[in-house]
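Before any comments, here is the structure.
The values are calculated or read from the model by the stated rules, or taken from the named source; none is laboratory data. Keep in mind the model is a prediction, meaning the values are calculated, not measured. Ideal geometry is used to build each Cβ from the backbone, glycine not excepted, and the neighbour counts take in all protein chains shown.
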Amino acid sequence: MTKHYNITISGKVQGVWFRKSAEKEAKKWGITGYVMNGNDGTVYIEAEGDEKALDLFVKWCRQGPEKARVSDLVVQEGEIQNFPDFQVMR
């Protein structure tokens, strides 16, 4: 069953290749959506896909890439947007 998650990640998550790494992970799991840096130092992701794939993606987000230090992660379910792919937003 397809789900939509809004994910906000706090900590040392900007300037550590989080967005590009998230894109790679999302594509690996067949997840669509986007990732962007928040103005408050967070990383924000909207992700859609199979619930199992999303759970694996969220698990990865709790760690992030090697240089990231995740202090908090909030997941909220949202409305399906039918994203065509997964993109890194500037």
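The table for this structure:
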read-out	value
Yes/no for residue 19 being modelled with pLDDT of 95 or more, buried (at least 19 other Cβ atoms within 10 Å of the Cβ) and under 16 Å from residue 6 (Cα atoms)	yes
Positions within region 57-85 being within 11 Å of the chain's Cα centre (by Cα) and among the aliphatic types (A, V, I, L, M), in sequence order	58, 73, 74, 75
Count - residues of region 11-29 that are in contact (Cβ under 8 Å) with a residue 60 or more places away in the chain and either more than 12 Å from residue 61 (Cβ to Cβ) or out of contact with any helix residue (DSSP H, G or I) (no Cβ under 8 Å at 6 or more places or on another chain) (or both)	4
Cross-chain or 6+ apart pairs with Cβ under 7 Å, region 63-85 first and at positive phi, then assigned to a loop (DSSP other than H, G, I, E, B) and among the β-branched types (Val, Ile, Thr)	64/13
Top-ranked residue of region 5-29 - restricted to ones that are touching a strand residue (DSSP E or B) at 6+ places or on another chain (Cβ under 6 Å) and assigned to a loop (DSSP other than H, G, I, E, B), ranked as nearest to residue 70 (Cα to Cα)	13
